[in-house]
Amino acid sequence: MADFDLSANFIPSLHKPASLLPIARHRQNLLYLIEKYPVTIVVGHTGSGKTTQIPQYLEQAGWCAEGKIIAVTQPRRVAATTVAIRVAEEAGCKVGEEVGYSIRFEDVTSASTRIKFLTDGLLLREALIDPLLSRYSVIMVDEAHERSLSTDVLLGVLKKILKRRPNDLRIIISSATLQAEDFLKFFAGDTEIQPKPATPAAVTLDDLVSQGGSTAPDTDNVLGGNIGRIISLEGRMYPVDVLYVEKPAEDYVEKAVQTVFDIHTKEPDGDILVFLTGREEIDTAVQAISERAANLHPRAQTIMPLPLYAGLSTEQQMYVFEEAPENTRKVIFSTNIAEASITIDGIVYVVDTGFVKLRAFNPLTGIETLTATPISKASATQRAGRAGRTKTGKCYRLYTESTFQSLEDATIPEIQRSNLAPVILQLKALGIDNIVRFDFITSPPAELVIRALELLYSLGALDDYAKLTRPLGTRMAELAVEPMMAKTLLSASSFGCLSEILTIAAMTSVGGNIWFHHDGEKKKMETARRKFAVEEGDHITLLNVYQAFVTKGRKETKFCHDNYINFKALTRAVSIRAQLKRYLERFGIVVDETLSSNANKHPLAVGGPDKGEKIRRCLTTGFFAHAAKMQPDGTFRNVAGGTILHAHPSSLMFNRRADWVIFHEVMETGNKTFIRDVTKIEKSWLVEYAPDFYKIR
Ligand code: CDP
Ligand code: MG
């Protein structure tokens, strides 16, 4: 092993020269393959430099000539932002200049941007406006092994685009594990020619492909033929000792906290990375560490717990990359984000609880759940590998070896367990009408496709022939919110409550906590929250919070502090609202803001009881599929009747009476299914606004 001690004295580890990364030796070869083949598949351990270096190599090699842009897609927003910040730093520019990022509701790019990190979902959205993605010379689909829903759909769309741009578009697929051959086979294989739509009103991908004919070169005997090649960056990994527990822990969060203290008190220097499943667990663990750290020996090394999950602000996320102060051990509690898409230097110990929160959509109940699920063998191996990046490491698996043996080899791709309504809506808008014959790398199960088509039909986005309706369907596809909220927004004018629904849509899209409290202030926060509460439910309460914020809170910092309101989240809501409003204005929908401003004087009134009913009716036009009836015991049943739903403790409907309600979100944690953002409705509205949906059942 080379000794870099000397250089380490001069160069802070965050700025380790890129020439020392494993990828550096492959630079010429990589550029050669990308020049010669339409598709290059890059396989390499996490941390070898794929995400940060390849775009810079490409830029230096001239792939940004004539104003072209290099796109690098990420399945996660967090990865897109942190990596862009890092690459901007390496390139010596501010993020948003030559190097930028773009995620939903947050575009940090400019006319000078040459390297653009964006979520795969956002690139798909761009295809709606620019069907051939012609601004880009190279599109790198990063973290493809994750097989996120949008990655899979994007791969199918890119395969089509490549047929039209075989000479000037390059696709790079980067993957941390060895699925490389599947990706290459997918691009090399024959595509079916989709039937041409009868009278296309706009140019769509399908037309372009079928009119242009296949321009893909003949394939020879080598896998990938003339289409592409695989390049593997073997890269160095240090050995990792894997340790198992003898019997499974009852509470893996508590066990993880204990293990962290064991490592901290018994093991030599090195930071710790703990894999948990979500924000609540992470907050619990971070708090437990802080509280118990007081019991450590006064002369012991300090322990610094840090959270890492998607809901954090970019700033908060950046803390985990900072080197710990002297005599301090960093312990990062992270979701699966840190498994592959984000690399944190200095990790020597990994604590793997063996669980990940996975989305699963039940086509029978129509309920999407986010459940802690056992990870796959591939995930476990990847997690352990995070300990061996800079020196020999240790991985503590909080499960038994026989449990490990019983794990699935790989995680089921998201496309086989998701609510497909949003992507089917987008594919339709891209002109891909025959979903069943679309070239998916893995086909979604028929029940999921049928359920999604059914929902889109009930929402009015599709007609009897499963074609996108105009203007409703096309507009729903363009709006950057999921179909149910899109429908609600597009119905709002007719109910005379567009301004209010815009606010509600923004508040439910913030993606972080609206409420904020320091340790031990939970009670006070609850009291503050009740001041904004209204009988009708959570949506109108959110509206009250927003209106109070724009009238008082934006100028007076004390307002947010006194009311336990998260200033950042509300500021984001203001920005999201403005963006949604621009979409609507582009459709020619006028947003009248004068009506709602009357409510500012008496925020709780929100334009009177009549307005409240309009809002609730309007919400029903979008969320009828998320309806439930309260039972005598205070729980809810969904319409199909089978599932017991609980109002989430954060909801106003927690411990309150109601009859029928609609809800924004349903989430299964542990063995309980919670509904969030709940609003009272009348049963008759369901039949009134969704006659087809309730006839089907
Ligand atoms: O994409 P891949 O996993 O192959 O590696 P990368 O993300 O390009 O990371 C290459 C190097 O940059 C690693 O040593 C990371 O630790 C470092 N890096 C960093 O220090 N801070 C970031 N925000 C991103 C990467
Ligand atoms: Mg990467």
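Quick notes on this one:
- Accessible surface of the stretch 217-365 [probe 1.4 Å, protein heavy atoms]: carbon and sulfur percent: 49 percent
- Estimated vicinal HN-Hα couplings, Hz - the stretch 394-404 in sequence order (Karplus 6.51, -1.76, 1.60; Gly, Pro = x): 10, 10, 9, 8, 8, 9, 7, 5, 6, 4, 4
- Long pairs among K522/K680; K68/K428; K36/K185; K487/K581, criterion Cα-Cα beyond 20 Å: K522/K680; K68/K428
- Calculated over the stretch 423-478, the projected area of the Cα convex hull averaged across directions stands at 3.6 nm².
- Measuring nothing but protein heavy atoms, the accessible surface of the stretch 84-172 at 1.4 Å probe radius is 49 percent carbon and sulfur.
- Its Cα gyration tensor gives the stretch 307-456 an equivalent ellipsoid, and the semi-axes of that ellipsoid, as √(5λ) in whole Å with the largest first, are 36, 19, 13.
- More than 11 Å apart - percent of Cα-Cα pairs taken over the stretch 376-418: 71 percent
- List H26, H518, H45, ordered by accessible area with a 1.4 Å probe, largest first: H518, H45, H26
- Accessible area per residue, Å², the chain with all protein chains present, probe 1.4 Å: 44 Å²
- Amide H contacts of I230 (H built 1.01 Å from N, under 5 Å, at least 5 apart or other chain): I41
- If you plug the beta carbon distance of H561 and S493 into 1/(1 + (r/R0)^6) with R0 = 56 Å, you get a FRET efficiency near 0.95.
- Under 5 Å, built H, 5+ apart or other chain: amide partners of T673: H646
- Gain on full stretching of the segment that runs from A294 to N327 - 0.36 nm per residue minus C-alpha separation: 10.3 nm
- For the pair T594 and K568 in one chain, pulling the backbone fully straight at 0.36 nm per residue adds 6.8 nm over the alpha carbon distance.
- If you sort E89, E146 by accessible surface, 1.4 Å probe, largest first, the order is E89, E146.
- Each of L430, L448, I34 was scored by the projection of its Cα onto the charge dipole of the chain, and the greatest displacement toward the positive side belongs to L430; charges sit on the C-beta of Lys, Arg, Asp and Glu.
- Here the Karplus relation 6.51 cos²θ - 1.76 cosθ + 1.60, evaluated at θ = phi - 60°, turns the backbone of the stretch 526-531 into coupling constants of 4, 5, 4, 5, 5, 4 Hz, with x for every Gly and Pro.
- Between the residues I289, F333, F587, the greatest Cα displacement towards the positive end of the dipole of the chain, with unit charges on the Cβ of Lys, Arg, Asp and Glu, is found for F587.
- By DSSP, the beta bridges lying fully in the chain are antiparallel in about 35 percent of cases.
- Pairs beyond 25 Å (Cα-Cα), from K524/K555; K255/K394; K377/K672; K629/K695; K247/K377; K531/K568: K377/K672
- Mean Cβ count within 10 Å, highest first, over the residues of peptides 548-554, 305-311: 305-311, 548-554
- Efficiency of FRET from Cβ geometry, A18 and E234, R₀ 22 Å, rounded to 0.05: 0.80
- Nonlocal amide H pairs with F117, under 5 Å, H built at 1.01 Å: V72, G100, Y101, S102
- Projecting the Cα atoms of I504, Y564, V534 onto the dipole axis of the stretch 479-689, where Lys and Arg carry +1 and Asp and Glu carry -1 at the beta carbon, places Y564 farthest toward the positive end.
- Summary of the geometry: the stretch 250-273 and the stretch 624-675, compared by the centres of their Cα atoms, lie 37 Å apart.
- The listed residues F654, F261 rank as F654, F261 when sorted by accessible area, largest first, using a 1.4 Å probe.
- On the basis of the beta-carbon distance and an R0 of 22 Å, E250 and E280 show a calculated FRET efficiency of 0.80.
- Karplus-based coupling profile of the stretch 347-363, in residue order and whole Hz: 6, 10, 10, 10, 10, 10, 6, x, 10, 9, 7, 10, 7, 9, 10, 9, x, with θ = phi - 60° in 6.51 cos²θ - 1.76 cosθ + 1.60 and x standing for Gly or Pro.
- Amide N of the stretch 436-474 lying under 14 Å from the label point, which is placed 7 angstrom from the Cα of R586 along Cα→Cβ: 474
- Normalised convex hull volume, the stretch 479-689, alpha-carbon set, Å³ per residue: 125 Å³
- Spin-label proximity, Y32 to the stretch 43-79 - amide N less than 16 Å from point 7 Å beyond Cα toward beta carbon: none
- Accessible surface of the stretch 479-689 [probe 1.4 Å, protein heavy atoms]: carbon and sulfur percent: 53 percent
- Temperature 10 °C, viscosity 1.306 mPa s: under these conditions the Stokes-Einstein estimate for the stretch 216-335, based on its Kirkwood radius over C-alpha pairs, is 91 µm² per second.
- Globularity index of the chain, i.e. its alpha-carbon radius of gyration over 2.2 N^0.38 Å: 0.98
- Rough spin-label spacing in nm, given labels placed 7 Å along Cα→Cβ, for E688 and D182: 4.8 nm
The values are calculated or read from the model by the stated rules, or taken from the named source; none is laboratory data. Just so we're clear, the structure is a prediction, and the values are computed from it rather than from any experiment. Counting neighbours? That spans all protein chains shown, and the Cβs are built from the backbone with ideal geometry, glycine included. The area values use the complete protein model at the heavy-atom level, side chains included, leaving out ligands, DNA and RNA. Shrake-Rupley method; radii C 1.70, N 1.55, O 1.52, S 1.80 Å.
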